[in-house]
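Structure first, commentary second.
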Amino acid sequence: MAMGYLNGKFINSSDPVLPIDERGHQFGDGVYEFIRVYNGRPFMMHQHMERLFKSSEAIRLNIGKTVKDIIAIVEDLIERSGQANCDVYMQVTRGIAPRDHLFPNVEASISMTVKPFKLISDDIRKVGATVKLLPDERWQNCWIKSLNLLPNILAKQAAFEVGALEAVLVRDGFITEGSSSNFFIVKNGEILTAPATNHILHGITRIAVKEIAMELGITLKEQAFTPDELLAADEAFLSSTGLEILPVTEVDEQKIGNGCPGTVTVTLYEEFLKRI
Ligand code: PMP
């Protein structure tokens, strides 16, 4: 069952509960996390918590709870939902207060939802995804997992409208990441991905990819690369909590490598599945 949580209460996720003065709603003034639960176990929970607290610190938002408190709420929510395989979204906002840009003197607002997860279809996984290159129009602090997702939404929609699964963003001539995923290429057996600067979200699945590559003895370089290098790559793939590790076989109607999911990508994914 899909369920929700808002400021101490467990609710139905469809209950109309958000007050009109909620700052997440009016300003997008908050941060969020998305955690996948496999067989009742939240995957890489500790890393998600670390990122949540870093993001909220970066926007000077005091969550008012400890990591332990948040984990206890997530575990309670999962148990109440009766789902072993589900997606948990959590939002922390600067609270509920009459509209004013200045920080209000109120407690943070914490909401969560839990729902069954949607795995990407086997067909896409076998064939590989198509992506579209688009300009990265986001701000300078993409490492903060902010609720403000308008440029990401517009890019993803533009990609979808030409039949692509993801928008891959280009800033100053270099590929940063997907609109809701990190992006990698493979060339001559080496993996390349944009460095973890302020211009990308430091993805948790990206951390898993780095760890797996290290275990397998595959070189992974955190090094910026261009659209031309992407088009000349042997393989490409996306990583995110929702997509896990997904091969990309076509970019702007051009095939990558031989047009099929590459062996490095497939091997990384097999290892990833062993971890969940
Ligand atoms: N980049 C962006 C912009 C994202 O929104 C996401 C998904 N949250 C990611 C990368 C992937 O991060 P993660 O692996 O933590 O889901």
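The values are calculated or read from the model by the stated rules, or taken from the named source; none is laboratory data. The shown structure was predicted, so the numbers you read here are calculated from the model rather than taken from an experiment. Here Cβ is always computed from backbone atoms with ideal geometry, including for glycine, and neighbour counts include all displayed protein chains. Note: accessible area is taken over every heavy atom of the protein model, side chains too, but ligands, DNA and RNA are not part of it. Shrake-Rupley method; radii C 1.70, N 1.55, O 1.52, S 1.80 Å.
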Practice task
Whole number in Å², please: accessible area per residue of the stretch 138-261, 1.4 Å probe, ligands, DNA and RNA not counted.
Solution key: 43 Å²
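Determine the alpha carbon to alpha carbon distance for each of Lys221/Lys274; Lys9/Lys126; Lys187/Lys274; Lys68/Lys126; Lys118/Lys210; Lys221/Lys255 and list only those over 31 Å.
Listed pairs above 31 Å: Lys9/Lys126; Lys68/Lys126.
Per-residue counts of other Cβ atoms within 10 Å, averaged by peptide: what ranking do you get for 126-137, 243-254, 213-224, highest first? Each step should come with its number before you reach the end.
Details: 126-137: 18.6, 243-254: 20.4, 213-224: 13.7.
So the order, starting with the most tightly packed, is 243-254, 126-137, 213-224.
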Problem - the stretch 3-116 - accessible surface per residue (Å², probe 1.4 Å) - result: 51 Å²
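Cα gyration tensor of the stretch 1-54, axes a ≥ b ≥ c as square roots of the eigenvalues: rounded (a/c below 1.5), prolate (a/b > b/c) or oblate? Don't skip to the end; give the middle numbers.
Numbers: a/c = 2.92, a/b = 1.31, b/c = 2.22.
The shape class here is oblate.
Carbon and sulfur atoms: what percent of the 1.4 Å accessible area of the stretch 122-273 do they account for?
Working: 3760 of 6780 Å².
Accessible surface attributable to carbon and sulfur in the stretch 122-273 totals 55 percent.
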Exercise for the section: Compute the relative contact order of the stretch 1-123 as a whole-number percentage, counting only Cα pairs closer than 8 Å that sit 6 or more residues apart in sequence. Expected result: 37 percent
Exercise for the section: Would you kindly derive the ³J(HN,Hα) couplings of the stretch 10-15 from the backbone phi angles with the Karplus curve 6.51 cos²θ - 1.76 cosθ + 1.60 (θ = phi - 60°), listing them in order in whole Hz, with x for Gly and Pro? Expected result: 8, 9, 6, 5, 8, 5
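Taking only the C-alpha atoms, wrap a convex hull around the chain and report its volume per residue in Å³ as a whole number.
Working: hull volume 35.5 nm³, N = 276.
Per-residue hull volume (Cα only) is 129 Å³.
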Practice task
Express in whole angstrom the spacing between the alpha-carbon centres of the stretch 176-193 and the stretch 53-104.
Solution key: 30 Å
Fill in the blank from the handout: Diffing the stretch 57-73: the Karplus 3J(HN,Hα) column from phi (6.51, -1.76, 1.60, θ = phi - 60°), in whole Hz with x for Gly and Pro, holds 4, 5, 9, 6, 10, 8, 5, x, 9, 8, 4, 4, 4, 5, 4, 4, 5
Completion exercise
In a Gaussian network model of the chain with springs linking alpha carbons closer than 10 Å, the residue among Ile191, Ile124, Ile144 that fluctuates most is Ile124
Practice task
Choose one answer from Arg206, Arg99, Arg41: the residue with the largest mean-square fluctuation in a GNM of the chain with alpha-carbon springs under 10 Å.
Solution key: Arg99
